[in-house]
Amino acid sequence: MTAGLRVDGVSVAYDGVQAVTDACLEVGRGRVLAIVGESGSGKTSLALAIARLLPTNGRLISGSIDVGDVEVTGLAGAELRRSRGRLVGYIAQDAMAALNPVMRAGRQIAEVFEAHDGLARTVAEREAIELLRQVGIHDSDRVARAFPHQLSGGMRQRVMIAIALALRPKVLVADEPTTALDVTVQAEILAVVKELQRAHDVTLVWITHDMGVVAELADDVAVMYGGRIVERGAAGEVFGRPAHPYTQALLSTIGDGSAPAKSRFSVIGGSPPSGPPAAGCPFHPRCSEAVGPCDTTMPPVSIMGATHEASCHLIPSRT
Ligand code: SF4
């Protein structure tokens, strides 16, 4: 498998408080990885670290991130600016906040072509309209002339996708881009991203809290809790043989098809952890299966298959 993205031992902190601890991932080129977890699980921090977009109070405190054969954590200055959008494209959750409210949609895309490819203004604007068409906007001329507030939520998100794909990135990171959209528009956006991802052989990292979306989209899954990846593997293995009690709880939220899926976390009692990481397994205050060492000792990573691994004290006794 040719690696599209490799994350090795990545830890992230904000103002000294650790949000991600020792994250390790490997995604094959052209595959779709879903990173799933509740709010505060660290998934957005990991996504921002991959895209080199951590806010000023955020810091990558250890680890390496490779996109293809480029180690991106070492990029800085002009080299980092040149690589933005080419190595990793980023789709933010809130398109309204991410787009410039006083600039027309087409201009925001055209600026990417002008700044990075040196295209002339008229050529860049033609390219922008073509890109809007590729993300499923039929009246792309009209949408290119519109300001963000004149567009629907689904249209704004398509504009964001167009900006993220403009430079044909090797990796596309999408941070819950459909959360605020209604179900029909969400399905349309998922279909567009899937089609473009396949057409351009992009490695896609989709951040979500919705296991229904994971089932729809992912080749591989990483489950995050308390800033750690607690289980990861091929989607078929994680869905078919979930090993970590948290993954099992998440999967119980999507039902078995005989009843409407909830796709939310309401059935998991308690609250996700906040503040600095405590000792032991991060899930132990909410885990109905907790045993002796759970509140004092971090469980080791157990390997269950070629791609499937999880961290839980119970796993060695089950496998
Ligand atoms: Fe539950 Fe213990 Fe496994 Fe953590 S290590 S998930 S607390 S059983």
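Read-outs throughout are calculated quantities, based only on the coordinates presented, and are distinct from any laboratory measurement. Predicted model only: the values in this text are computed from it and were never measured. With ideal geometry, Cβ positions are generated from the backbone for all residues, glycine too; neighbour counts draw on all protein chains shown.
Comparing mean-square fluctuations of 28, 227, 16 from a GNM of the chain with C-alpha springs under 10 Å, the top value falls on 16.
The angle between the Cα long axis of helix 153-165 and the longest principal axis of the Cα atoms of the chain comes to about 90 degrees, rounded to the nearest 10. So, in nm, how far is label residue 8 from label residue 187 when the simple model puts each one 7 Å beyond its Cα toward the Cβ? Computed distance between label sites residue 8 and residue 187 equals 4.3 nm.
Report the relative contact order of region 30-99, percent, no decimals, based on alpha-carbon pairs under 8 angstrom and at least 6 residues apart.
22 percent.
The distance linking region 60-117 with region 218-239 is 26 Å (Cα centroid to Cα centroid, whole angstrom).
Under a 10 Å cutoff between Cα atoms, tell me which one of 286, 198, 142 has the largest fluctuation in the Gaussian network model of the chain. Result for the chain, Cα springs under 10 Å: 142 fluctuates most.
Rounded to the nearest 10 degrees, the angle from helix 183-200 to the longest Cα principal axis of the chain is 80 degrees.
For the chain, averaging the sequence separation of C-alpha pairs within contact (under 8 Å, six or more residues apart) and dividing by the residue count gives a relative contact order of 21 percent. Within the listed set 103, 160, 224, the Gaussian network model of the chain (springs between alpha-carbon atoms below 10 Å) gives the highest mean-square fluctuation for 103.
Mean sequence separation of contacting Cα pairs (under 8 Å, at least six apart), scaled by the length of region 62-130, corresponds to a relative contact order of 19 percent.
Using only C-alpha atoms and all pairs of different ones, pull out the Kirkwood radius for region 189-244 in Å with one decimal.
Roughly 12.3 Å, rounded to one decimal.
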